[in-house]
1. Residues that are buried (at least 20 other Cβ atoms within 10 Å of the Cβ) and modelled with pLDDT of 85 or more: which helices (runs of 4 or more DSSP H) entirely in the range 1-84 hold 2 or more of them?
2. Inspect the range 123-138 for any residue being open to solvent by less than 20 Å² (accessible area, probe 1.4 Å) and modelled with pLDDT under 80 and give the result as yes or no.
Amino acid sequence: MTRNCRGEKEVRHVVNVETWTIYALTVLALMSTPGPSQLLMLSNSGVHGFRRSLSTAVGDLTANAFQMLAAGLGLAAIIAASATALTVIKWAGVAYLIWLGFRMIRRAKPDDPVTSTLREKASLRKLWLQGFLTSAANPKAVVFFAALFPQFITPDAAFWPQFLILSVTYIVMDGLFLSAYGLGANWVVKRFKGDARVWVERLGGSFMIGAAILLGLKSISRQ
């Protein structure tokens with residue numbers, strides 16, 4: 001009888017609605033301000049279309065999943081201690097986004113068949129890689145997850161079921177946010193034609209550079 005009660009207690013802890021609700025609201029608050037990934041999603045959706053830009057979102061969420069797993073496996077301390085690795089990855093990501101942004105602005109020309117061809121042939125793999133690198137360029141996200149999750153995990157219940165629920169919740173919410181940004185950008189672009197579309201593409205390049213600046217500022221502020 002005691003064993004059954006203990007089992008029920010563990011289940012209640014894992015699926016505790018109140019704890020999950022507080023966690024979801026916390027994540028919602030954290031995502032309320034656009035970051036580098038959201039700006040990249042705006043850019044790619046405006047230039048390549050919403051459907052293709054979903055590859056960017058998947059790339060971002062893939063990096064998040066690896067970061068969460070690293071946090072769950074206790075690697076946060078190792079990554080946090082590797083200051084050199086953090087710096088190299090961070091600034092490589094910043095440089096990559098700035099290069100993409102300037103290239104997009106430079107190629108945004110009216111009635112330019114080359115630009116149209118590049119837009120049509122942008123591979124899903126390349127869009128995925130952009131999303132992955134943008135998220136992976138913030139390796140301190142591992143430390144963030146390592147600090148966030150313990151606030152909502154009960155020590156007297158199995159760790160991995162709780163960790164899985166928190167991770168899936170975050171990924172789903174992040175995916176919805178990215179999709180909303182992508183749909184919004186795509187909606188705007190469809191209503192522009194001719195030279196106006198060129199300015200939208202230039203704005204997309206500016207968003208990408210803005211994402212790089214945000215990453216750079218975060219790096220400087222945390223050093």
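The values are calculated or read from the model by the stated rules, or taken from the named source; none is laboratory data. Being a predicted model, the structure only gives us computed values, none of them experimental. Virtual Cβ from ideal backbone geometry, glycine too; neighbours counted across all protein chains shown. The accessibility values were calculated without ligands, DNA or RNA, using every heavy atom of the protein model including side chains. Shrake-Rupley method; radii C 1.70, N 1.55, O 1.52, S 1.80 Å.
1. On the way: elements: 2-14, 17-31, 36-48, 50-72, 76-81.
The helices (runs of 4 or more DSSP H) meeting that bar are 36-48, 50-72.
2. Within the range 123-138, the subset open to solvent by less than 20 Å² (accessible area, probe 1.4 Å) is 127, 130-131, 134-135, 137.
Narrowing the set further to residues that are modelled with pLDDT under 80 leaves none.
Within the range 123-138 (the criterion being open to solvent by less than 20 Å² (accessible area, probe 1.4 Å) and modelled with pLDDT under 80), the answer is no, since none of the residues qualifies.
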